[in-house]
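Here is the structure we will look at, set down as structure tokens.
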Amino acid sequence: MATVRITEVPPSRTHRLVDLCEIASGPSGQQLEGLSAEMEGVPVISPPDLTVEHQVDARNIKRVGVSTANGLARFRLREGDLVYVRQGTLGRRAVVGQAQAAWLFGAACLRIRPKRGVILPEYLLHYLGHPLVHGWLTSQANPSQAVETVTSQTLATTPVFVPSLDRQRSIVGVMKEISTQIEAQRQLIAKQEAFRLGLLTEMLSDAFGGPDTR
């Protein structure tokens, strides 16, 4: 497929991901010298920091020193980038928000930087999670390695359907609304589970040494 310039991308057509985004592999482990959860410095997003809800969970994130990070400027993240897990838990991904801007990403991740005015980061986030797209990517993973790995070259050739920006915004809006509803249901279930456990504990308090409430 011929390379398509930004101004030539028509609506509702399919293109290679590399024609729509800049793709970069993370730094090697040697470059991330001193990476540690105890270190004060610049956070480095790794696969365990990406949740199934496509969020960055920084509670246990590891960091490198500022001097090391200064030498890794080309691996800095910007708001609107996607971090995509290429090794291990393939397909975990998140859009970089304002809070993660200027952080780094690790060796087991790829950075996807959508070209402005062509494709929305949030649309691409959901597109890459479509079962057919995810299945295609995992089928391309290197089976000869001990851990499944998707290379940047493989990700670059991923076919991406690019509707108009208005349609992309519509899709993103619907997905956001559904995600909000799912999160509300999760919180409700968690409250009900806690209530059930508390009620059971109260009803069996005499059996486990608690105050007799009979």
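Residues that are surrounded by fewer than 13 Cβ atoms within 10 Å (Cβ to Cβ), closer than 24 Å to I178 by Cβ and not charged (D, E, K, R) within the range 44-75 comprise T51, V52, Q55, listed in sequence order. Where helices (runs of 4 or more DSSP H) sit wholly within the range 68-167, none has at least 3 residues that are modelled with pLDDT of 95 or more and either among the small types (G, A, S) or more than 16 Å from L50 (Cβ to Cβ) (or both).
Please verify whether R167 is loosely packed, with under 13 Cβ neighbours inside 10 Å and basic (K, R), treating the condition exactly as stated. Quick ask: steps written out before the conclusion?
Working: loosely packed, with under 13 Cβ neighbours inside 10 Å: no; basic (K, R): yes.
Judged against the criteria, R167 is not a match.
All of A94, A102 fail the test of being under 15 Å from the mean Cα position of the chain (by Cα) and farther than 14 Å from C21 by Cα, apart from A94.
Which members of the range 162-184 meet the condition of being of a type outside the set (A, V, I, L, M) and either over 21 Å from A94 (Cβ atoms) or in contact with a Lys or Arg (Cβ under 6 Å, 6 or more places away or on another chain) (or both)?
P163, S164, D166, R167, S170
Within this structure, E53 fails the test of being part of a loop (DSSP other than H, G, I, E, B) and more than 20 Å from the chain's Cα centre (by Cα). Taking each residue of the range 31-51 that is closer than 14 Å to W103 by Cβ and looking for partners that are among the hydroxyl-bearing types (S, T, Y) and outside any strand (DSSP E or B) with beta-carbon atoms closer than 9 Å, six or more apart or interchain, yields L32/T68; L35/S46; L35/T68; G41/S67; G41/T68; V42/T68; L50/T89.
When R86, R78, R93, R113 are screened for being among the basic types (K, R), open to solvent by 40 Å² or more (accessible area, probe 1.4 Å), touching a Gly at 6+ places or on another chain (Cβ under 9 Å) and farther than 15 Å from L32 by Cα, only R86 passes.
The values are calculated or read from the model by the stated rules, or taken from the named source; none is laboratory data. None of the values given here were measured: they were computed from a predicted structure. As a convention, Cβ positions derive from the backbone with ideal geometry for all residues, glycine included, and neighbour counts pool all protein chains shown. Heads up: the accessible areas ignore ligands, DNA and RNA and are worked out on the full protein's heavy atoms, side chains in. Shrake-Rupley method; radii C 1.70, N 1.55, O 1.52, S 1.80 Å.
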